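The values are calculated or read from the model by the stated rules, or taken from the named source; none is laboratory data. Model, not experiment: these values are computed from the prediction. Reconstructed Cβ throughout: ideal geometry from the backbone, glycine too, with neighbour counts over all protein chains shown. Heads up: the accessible areas ignore ligands, DNA and RNA and are worked out on the full protein's heavy atoms, side chains in. Shrake-Rupley method; radii C 1.70, N 1.55, O 1.52, S 1.80 Å.
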4 protein chains.
Amino acid sequence: MISFASDYIAGAHPQVLKRLVQTNLEPLPGYGEDPWCVSAKDKIRAACGCPQAQVELLTGGTQTNQIVISTLLREHEGVVAAKTGHISGHEAGAIEYTGHKVLELPQRDGKLEAEEVDRYLRSFYADENREHMVFPGMVYISHPTEYGTLYGKRELEALSQVCRTHEIPLYLDGARLGYGLMSRAAELTLEDIAALCDVFYIGGTKVGALCGEAVVFPRGGRPAHFTNAMKKRGALLAKGRLLGVQFDALFTDGLYFQLSRHAIDMAEGLKAVLHEKGVEFYLESPTNQQFVILDDRKAEALKSQVAFSFWEKYGPDRTVVRFCTSWSTTAEDLELLRSVL
Amino acid sequence: MISFASDYIAGAHPQVLKRLVQTNLEPLPGYGEDPWCVSAKDKIRAACGCPQAQVELLTGGTQTNQIVISTLLREHEGVVAAKTGHISGHEAGAIEYTGHKVLELPQRDGKLEAEEVDRYLRSFYADENREHMVFPGMVYISHPTEYGTLYGKRELEALSQVCRTHEIPLYLDGARLGYGLMSRAAELTLEDIAALCDVFYIGGTKVGALCGEAVVFPRGGRPAHFTNAMKKRGALLAKGRLLGVQFDALFTDGLYFQLSRHAIDMAEGLKAVLHEKGVEFYLESPTNQQFVILDDRKAEALKSQVAFSFWEKYGPDRTVVRFCTSWSTTAEDLELLRSVL
Amino acid sequence: MISFASDYIAGAHPQVLKRLVQTNLEPLPGYGEDPWCVSAKDKIRAACGCPQAQVELLTGGTQTNQIVISTLLREHEGVVAAKTGHISGHEAGAIEYTGHKVLELPQRDGKLEAEEVDRYLRSFYADENREHMVFPGMVYISHPTEYGTLYGKRELEALSQVCRTHEIPLYLDGARLGYGLMSRAAELTLEDIAALCDVFYIGGTKVGALCGEAVVFPRGGRPAHFTNAMKKRGALLAKGRLLGVQFDALFTDGLYFQLSRHAIDMAEGLKAVLHEKGVEFYLESPTNQQFVILDDRKAEALKSQVAFSFWEKYGPDRTVVRFCTSWSTTAEDLELLRSVL
Amino acid sequence: MISFASDYIAGAHPQVLKRLVQTNLEPLPGYGEDPWCVSAKDKIRAACGCPQAQVELLTGGTQTNQIVISTLLREHEGVVAAKTGHISGHEAGAIEYTGHKVLELPQRDGKLEAEEVDRYLRSFYADENREHMVFPGMVYISHPTEYGTLYGKRELEALSQVCRTHEIPLYLDGARLGYGLMSRAAELTLEDIAALCDVFYIGGTKVGALCGEAVVFPRGGRPAHFTNAMKKRGALLAKGRLLGVQFDALFTDGLYFQLSRHAIDMAEGLKAVLHEKGVEFYLESPTNQQFVILDDRKAEALKSQVAFSFWEKYGPDRTVVRFCTSWSTTAEDLELLRSVL
């Protein structure tokens, strides 16, 4: 069966796996102190154009959000996010588990708007009872968003400006960052993101790795004792090499960008097939996730031939479903989809 | 340079890695719902002789301890452990991070004694002020212990009996379980452990996998919404296959036991070399970790040729250091060690 | 200066204080095991018409919300509340501090609507990804609400029905419960509330006591080891008598209801004065809190003669402010207000 | 029945209660911003000889320990305490509930020894794996200790020196501070304590108040947003005046010291009675708590006439019990005890 169910249906990009095989028997120190971690971090710094950046390698997205947010926030602070942000609704309360509130704001196409954030922050600081409230201590965005949409350059600049004015960090969740950077509609480069955000992560799990996310603090500011914080949250791998080798491979010869571009090419092909077959779009995105509306009967019938994923009910008889491409999607997959739609 | 620094110096056992390569492009569902996870769990159930067991796959040891302990304990409970237990001193407070106390008891060779635990529990329940205290809600042991020692069959039976009398679960941390099972001094089989403990984990990270620990609830009793609990703690891998494929490989054709036996054979060889060279033992264990005492000068000199690990200072001029073998240790490593000691 | 700043501007009702003085030197056991606590709980059970009710005495409102919610919720659950609920915005993240999310829903006049809650719960259970989300494990409402408004009988019945259908408890925050019960618009009696809610608290701090809130589980179901949970959160008073004596006094000869009725009489007088003086209402409530809109200049001038409290900005030059009455408000206070408005 | 069960058997010292009555109807701002809180803090600063001190008023001892410790510790730190420290065993895990470990050290007569602490800290910093461990971030002592014993001046100076050398704060739990200061064996004044500790609290609950503890940061350093931290933990009283008025009364005309001296006089009388009657001491302390060993039969018989408290079993047929005096103990109480022993 072909699958467009998610962007984590396959293992690692073959190039990444090959490097795991090649380095497998090297005796290396544990806990991220091996040379592959060092080298991966160097290459990431270079790709971001930030020689001074601090880089940390973690295993998964929710884990990364949890650690970054809970270590950067101070005792009295929460994190501002879109109502549809991944941390707001789809991480099982991982942020609240660390004792911090997610301060949810309205969104548009999955995005936070700088004006909305600014209004919220101003109103918070105008409130005389604010000592009884959760202080907004960080702004969280995802890029691409949970709907596959992208921030434009001006939009991110405006958010960055608001955060700087109010002196709180801007954190970008890049679980699918590669697909955002390689989108045909992309306005933002990795360097732009490094310049405009205070911390962000480069997603590996959904972009070519078996697992792994690289957190970047482009101008420093990593919380002290970060290793301890990772350990305390069960996030420190004994074999840190698993992350180091993979990110080293992904950032060698531009592999991360190439495989992301492939996923985008496949997404454009996917959209063409869906349009050709007259499928109604709920949200057509410039990245690797496409949201369409299917009759429940149609969806049911299709299920036996193509894997896709449930998004939400859309009236009594229809459902929004998601089709994803990834680095592992092939032209044959698209052909097969065309033949069964 | 040769390394006896730890049992996580190499990647995965070649057989495990091969299976990751073979299955790499299969499109599979995420979050542990793939057939390899199902198959791995079946094989683990079979190996434990527990067809009814519930099995969960996690990524690392501290993470596993944190999730198992914090989901099994009730609000008012803490976990009883040896002062030298991994959760007591070497997990950066991961248990306390979840709001629960580690109730530390004295140990002997890294082991908790049933009598000591019983005395503690009786004394707790005799205390009229116990509602102001942390209730002992679970007993945690490691096998092999942090010192490489093993529980005898009678010892584990006695602990199990104490726990049943007081109606609290017995949890066994098996980060190095394979090395305990294959030790020449082993009295306990996997079936014994499954019969005597209420929950335990079979360590993968230190026994042939890149990462991964398999939690076993031999007679059921897994906390409800365990997936949610994993997600909430950042422990749910999108590509659960990474764990499923590895454990499936480890429990195919007895690989887990074979590679463990190899590590034990190497450990016996290591002990012979150390004795031959007149190295003083701090603790000679029946498993893969050996603790010896080196003059600081000797240790310093040796460092450039052999990797080992610091354990603790031993008077002003000497240090306890640890030498480990693992599935990846070779006879050549031992020869090289002999030549430089 | 006269004060309408809040309903906690004075100490205890003289009758309550008198009882503290009378009982002061009695040697009593600590931690809530004294006869006054026993007697207070009996009287509260009687007032609620619930001879089987479990009653617990706590010190303040946020503390009460924190303990009730965090002990009743299970690991994977959060609490559903109105966006304007006290726990949502004005308790400094006390619920999240315990690791649980507040699931915020839209409100109308500070109230949750049964239909809205039902829709939310149905949609949650229809979501195939719900294991990655925070489960709704309780519904929180306040009565009177933060805006002084009241649930009608049908409204509470409908909410109660929704909760029972979905098998989650309905919790009512009664910080100002007396003022709700004695409102001239009241449709709900204490017995009704006990019949329709699974747990609620009768506010003392704002209704005649120096401090103290009485949590009622009308049909039992108090979490086990509640005393331990209180202690663990720093909420167990050594001199529990402080709460027992006060609640005993409040529930002797209907004092709680009498003093509440007085506050309502004063509130009606307050509304008359405000109307008479042409002050614009933002929200005219049937209880003891009135929200009016003042020009900033007017507000500034008034401040030196009357205390009231800031609520929120209302356009560039105006502000919503709150005037409260309580058991301690006097007819003279109203006269003085009339003279300076 | 006469009671020596604890030092919280009575309400407030009559002088304290009188002030509550006198100020009861004053309309005052809430949340600790009233003039009585201001005045109480001024008087405490004066009594400590620390005009720059920051003072905060809280409700109970466990609450105070929880807030002070959890706001002063950083993410990666725990608190060092004696195995018998109140936070170690008798606060239901309140510190761990905030995510921090209590690092328990051996004690002598309930006291931590400077050398022991120093050895522990040095050994911690010598450990190469310390990033995987809980950092010692504070030293907690109680004075008087849980056994009624006192630190001598040299002992506290030595502890203070160790803390300064290692740059971690020294925190003194003064739940019964008055009884320590007025002990006939006292070597330490309030000024000494303020000079040698970084933060401490002056206990009110057990020393004349209905409730209340005053935290003193003698040279500043109170964590930012302390009010928010209190609110978040359910510890901020709406009627902060309850604490302000009481501490103002306690620190007016030396009442706190006078009533403490009275308790000490009664304790000396108590010891004389116990000796006279040939009761065996388990620990005879210089403060208000005395620990004696009773035959179980004797204890059982005595119970109907005198209240005292269970401490621990002492062999099969005997029990250690505690007799306490307090500001409310009278000479008649002692006479009655003599007559029934």
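Table for the structure above
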quantity	calculated
7 Å along Cα→Cβ, label-point gaps from residue D:338 to other copies, nm, shortest first	6.8, 8.5, 10.8
Scattering profile of the range D:58-115 at q = 0.23, 0.27 Å⁻¹ [log10 I(q)/I(0), Debye over alpha-carbon scatterers]	-0.91, -1.13
Cleavage-rule hits (GluC sites (Glu not before Pro)) in the range C:153-234: DSSP loop, at most 14 neighbouring Cβ within 10 angstrom	C:167, C:187
Mean Kyte hydropathy of -1.0 or more with a Cα span along the axis of at least 27 Å, helices from DSSP in chain B	B:255-276
Vicinal HN-Hα couplings computed from phi for the range C:215-226 (Karplus, 6.51 cos²θ - 1.76 cosθ + 1.60; Hz; Gly/Pro x)	7, 10, 9, x, 10, x, x, 4, x, 4, 6, 5
Three-way shape label, chain A, alpha-carbon gyration tensor, a/c 1.5	oblate
The protein assembly as shown, accessible area per residue, ligands and nucleic acids excluded (1.4 Å, Å²)	34 Å²
The range D:57-161, relative contact order [Cα under 8 Å, separation at least 6], %	31 percent
At 0.692 mPa s and 37 °C, Stokes D of the range D:72-197 from Kirkwood alpha-carbon radius, µm² per second	222 µm²/s
Whichever aspartates and glutamates have a C-alpha closer than 14 Å to that of residue C:206, once near sequence neighbours (fewer than 8 apart) are set aside	C:7, C:146, C:173
Prolate/oblate/rounded label for the protein assembly as shown (Cα gyration tensor, a/c 1.5)	oblate
Copy-to-copy label separations for residue C:128, where each label sits 7 Å from Cα toward Cβ, in nm and ascending	5.2, 5.4, 6.1
Stokes-Einstein D in µm²/s, Kirkwood radius over Cα pairs - the range B:1-119 at 20 °C with 1.002 mPa s viscosity	120 µm²/s
Entries of D:277/D:298; B:231/D:101; A:101/B:231 with Cα pairs more than 21 Å apart	B:231/D:101
Using a 7 Å Cα-to-Cβ projection, residue A:106 label spacings across copies, nm, ascending	1.0, 6.6, 6.7
Value of relative contact order over chain B, rounded to a whole percent, pairs C-alpha under 8 Å and six or more apart	26 percent
Accessible area that becomes buried as A packs against B, both chains, 1.4 Å probe, Å², nearest 100	3800 Å²
Built amide H within the under 5 Å cut-off of residue C:280, gap 5+	C:293
Dimensionless Rg over Rh [the range B:131-207; C-alpha; Kirkwood]	1.01
Within 10 Å of each Cβ in C:55-66, the average number of Cβ atoms from other chains	4
Inter-site label distance for residue B:83 and residue A:331 at 7 Å from Cα along Cβ, in nm	7.0 nm
Average beta carbon contacts from partner chains per residue of D:312-322, 10 Å cutoff	1
Kirkwood Rh and Cα Rg combined as Rg/Rh, the range D:111-170	1.02
Directionally averaged shadow of the range B:203-290, computed from the convex hull of its alpha-carbon atoms, nm²	8.3 nm²
Complex-versus-alone comparison for the range D:224-260, residues with a loss of 30 Å² or more in accessible area, probe 1.4 Å	D:225, D:228, D:231, D:232, D:233, D:234, D:237, D:238, D:239, D:241, D:242
Averaged over D:325-334, number of beta-carbon atoms from partner chains that fall within 10 Å	1
Order by protection proxy (mean Cβ within 10 Å, highest first), peptides B:254-263, B:13-22, D:272-281	B:254-263, B:13-22, D:272-281
CD proxy at 222 nm, helix term only [per DSSP H run n ≥ 4: -39500 (n - 2.57); per residue of chain B; nearest 500]	-12000 deg cm²/dmol
Global form of the range A:189-341, assessed from the alpha-carbon gyration tensor, a/c cut-off 1.5	prolate
Rotation relating C and A, chain A residue nearest the axis via C-beta, angstrom	A:96, 2
Residues of the range C:41-83 with amide N under 16 Å of a point placed 7 Å along Cα→Cβ from residue C:189	C:44-51
By average C-beta atoms within 10 angstrom, highest first, the peptides B:295-301, C:53-59, B:55-61	B:55-61, C:53-59, B:295-301
